[in-house]
Amino acid sequence: MDGGKSSRSCDFNGSQTMTAPRNADEAEDRLAPLRPGYLRRLTLRQIEVANAAAIAAARPFGDDELRKIHRTAHSMGSSAAIYGYMRLSEAARAAERILEDPVSTADARAECLARLAGEAEAVLAPQG
């Protein structure tokens, strides 16, 4: 690694942000009964990630903080994919990779977490 900088980035493939499930054209959304609970949890996770982005911009994470925000990003990536929010899932996976990289900079972590919080906000915006 050059000068302590990570070779990984916060980039993801840039799929369009989905504000509806990818199967919205189908007559039946099998996840519809579960979606309100998912969106409530996503609201809490969005706040957690936004707070973590601010912390990352100010100082390095402690070990427990790093484990917690990594677990949150991982959970967000999995659940977003299940519900069809692919851009959110990709942002979560990018954040997860940066958080796993021991030589990633605080700035890179803050940027990825801010992008993840923004993608979650984009999913939540039409709901509220």
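Looking only at residues that are surrounded by fewer than 17 Cβ atoms within 10 Å (Cβ to Cβ) and among the hydroxyl-bearing types (Ser, Thr, Tyr) in segment 67-85, which one is nearest to Leu44 (Cα to Cα)?
Per the stated criteria, the residue is Ser75.
Can you name every residue in segment 38-64 that is among the charged types (D, E, K, R) and more than 20 Å from Arg93 (Cβ to Cβ)? Explain how you work it out, then say what you get.
Quick first cut of segment 38-64, residues among the charged types (D, E, K, R) only: 40-41, 45, 48, 59, 63-64.
Correct list: Arg40, Arg59, Asp63, Asp64.
List the residue pairs whose Cβ atoms are under 9 Å apart, where the first residue sits in segment 41-56 and is free of Cβ contacts under 8 Å to residues at least 40 places away in the same chain and acidic (Asp, Glu), the second is crowded, with 20+ Cβ neighbours inside 10 Å and in a helix (DSSP H, G or I), and the two are 6 or more positions apart or on different chains.
Glu48/Ile69; Glu48/Thr72; Glu48/Ala117
Could you identify the single residue in Leu99, Leu124 that is over 12 Å from the mean Cα position of the chain (by Cα), part of a helix (DSSP H, G or I) and surrounded by 14 or more Cβ atoms within 10 Å (Cβ to Cβ)?
On the way: Leu99 fails: over 12 Å from the mean Cα position of the chain (by Cα).
Selected residue: Leu124, the only one of Leu99, Leu124 that is over 12 Å from the mean Cα position of the chain (by Cα), part of a helix (DSSP H, G or I) and surrounded by 14 or more Cβ atoms within 10 Å (Cβ to Cβ).
When you look at Arg93, is it in contact (Cβ under 8 Å) with a residue 60 or more places away in the chain, of a type outside the set (A, V, I, L, M) and either in a helix (DSSP H, G or I) or in contact with a Ser or Thr (Cβ under 8 Å, 6 or more places away or on another chain) (or both), yes or no?
Working: in contact (Cβ under 8 Å) with a residue 60 or more places away in the chain: yes; of a type outside the set (A, V, I, L, M): yes; either in a helix (DSSP H, G or I) or in contact with a Ser or Thr (Cβ under 8 Å, 6 or more places away or on another chain) (or both): yes.
So Arg93 fits the description; yes.
Of everything in segment 46-72 that's small (Gly, Ala, Ser) and in a helix (DSSP H, G or I), which residue is farthest from Gly118 (Cα to Cα)? Show your work before the answer.
Let us first name the residues in segment 46-72 that are small (Gly, Ala, Ser), namely 50, 52-54, 56-58, 62.
Remaining after also requiring in a helix (DSSP H, G or I): 50, 52-54, 56-58.
On the way: Ala50: 8, Ala52: 13, Ala53: 11, Ala54: 13, Ala56: 16, Ala57: 16, Ala58: 19 Å.
Result: Ala58.
Please determine, by comparing only the residues of segment 22-54 that are modelled with pLDDT of 50 or more and in contact with an Asp or Glu (Cβ under 9 Å, 6 or more places away or on another chain), which one is farthest from Thr105 (Cα to Cα).
Restricting to residues being modelled with pLDDT of 50 or more and in contact with an Asp or Glu (Cβ under 9 Å, 6 or more places away or on another chain), the top hit is Arg35.
The values are calculated or read from the model by the stated rules, or taken from the named source; none is laboratory data. These numbers were taken from a predicted model, which means no experiment stands behind them. All Cβ positions, glycine included, derive from the backbone under ideal geometry; neighbour counts span all protein chains shown.
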